[in-house]
Amino acid sequence: MEKLRMALDLLLSEGLSEIIISNPRQKEGTVKVKIRPVLLKEQLMFQVTRFRGKQVFHENLDREQAKEEIEALLTEDFRQLEGENRGKKLLVLVSKKGKMTVKWTGKQTKMQPATAVQALSHNRKKKYLLEEGIPVPFLVDLGVQTIDGRIVHARYDKFRQINRYLEFVEDILPVFSKDECIHIIDFGCGKSYLTFALYYYLHEKKGYQIAITGLDLKEDVIDHCSALAEKYGYEALHFEKGDIAGFTGADHVDMVVTLHACDTATDYALQKAVDWGARVILSVPCCQHEVNKQIRNEALAPVLKYGLIRERMSALLTDAIRADLLEEHGYDTQILEFIDMEHTPKNILIRAVKGRGKKDTGIQRLTEELQVHTTLQKLFEQTES
């Protein structure tokens, strides 16, 4: 293990090209891990990408965290590591008995610090799914881009945030085929900047056959968005006036998006998605009040007496309960950080991909202990009774 640590000290620097950890000990779970350096807020970090079935998971770690993660992966889960730093290659092999072989090959070239920073900055820039310098009609109308595709400096945060949303979408694309038409419903679409981004990225840029319906209660918003869709020539993007609970305009939906549907409106959207058998659900809830009004627990009473703590705990519990209920209905679910356009603290994204079977998460026992009975629980109970 000491040889591995010394090797990682040399490998994990600005000059790292990529690390690939493979040959898993178990057939199920993560099958491969890739690690590359990134520059975040002028700090060297290492992006860890895990491949699990058709899903991809990303995490950014500092140097020490990355070393610990690699050591754990080779000790417990994998038998092989390949890495390269400025031409010098590292190979680590782990035998079935746990014996570790660490071998370097090649000659390391020199790289000036400034060059390394430029390379990392360049890599980070290329990560954007909507590229700078290529004008996109809805981004120009939003004031994010100029007509020649340059990003307006004051709107750079919006540009990054739209790309962040599309990264979540990019991760689930292996679920779909380009030979099918993907039916998508966007509940509570509002001004629809992310709906337009979704259409542009999937249809115009990636070449998927899609049909998107945006749903909102405000008629003037629907009229405005419909006019923009017609202006851009987005023929498979339509907008309708209506609420989530009463929507009956579809029999089959492949993907459900619900961003900032207030309070229990999110629950109705999630129940609809499950009822349709949607393969993908993307949900950013907001304004969760239901659990806050109900939660009662003697053990938690000392902390629940503080209003702010009670509110935040209740909001987090609400989303955790939703995620577990989706797991119990056959979805592989993640809770991820989503930075929304208005910089609000309500930035949790629930991403669920239909899996192979239902799971017992124990969430029913927890909600009973907390004396909580959520709208989503009630909706599922009604459909199953």
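Read the figures in this text as sums done on the coordinates, not as results from a lab. Everything numeric in this text was worked out from a predicted model, so none of it was measured. Here the Cβ positions follow ideal geometry from the backbone for every residue, glycine too, while neighbour counts run over all protein chains shown.
Observations on the model:
- The range 154-309: equivalent-ellipsoid semi-axes (sqrt of 5 x gyration tensor eigenvalues, Cα, Å): 31, 18, 17
- Residue ranges 304-316, 176-188 sort as 176-188, 304-316 when ordered by packing (mean number of other C-beta atoms within 10 Å per residue, highest first).
- The chain, helix-only ellipticity at 222 nm - DSSP H runs n ≥ 4, -39,500 (n - 2.57), divided by all residues, nearest 500: -11000 deg cm²/dmol
- Relative protection proxy for 8-20, 39-51, 260-272, from highest mean packing down: 260-272, 8-20, 39-51 (other beta-carbon atoms within 10 angstrom).
- Using a cut-off of 28 Å between Cα atoms, the listed pairs K158/K218; K32/K97; K41/K178; K218/K272; K34/K206 include K41/K178 as exceeding that distance.
- For peptides 323-335, 128-140, 278-290, sequence by mean Cβ density within 10 Å, most packed first: 278-290, 323-335, 128-140
- Potential extension, Q334-T105 segment - 0.36 nm per residue separation minus Cα distance: 78.5 nm
- Segment D141-A245, length gained on full extension (0.36 nm per residue, minus Cα span): 34.3 nm
- Counted over all Cα-Cα pairs of the chain, pairs farther apart than 40 Å make up 26 percent.
- The chain: DSSP helices with Cα axial extent of at least 30 Å and average Kyte-Doolittle hydropathy no lower than -0.5: 307-328
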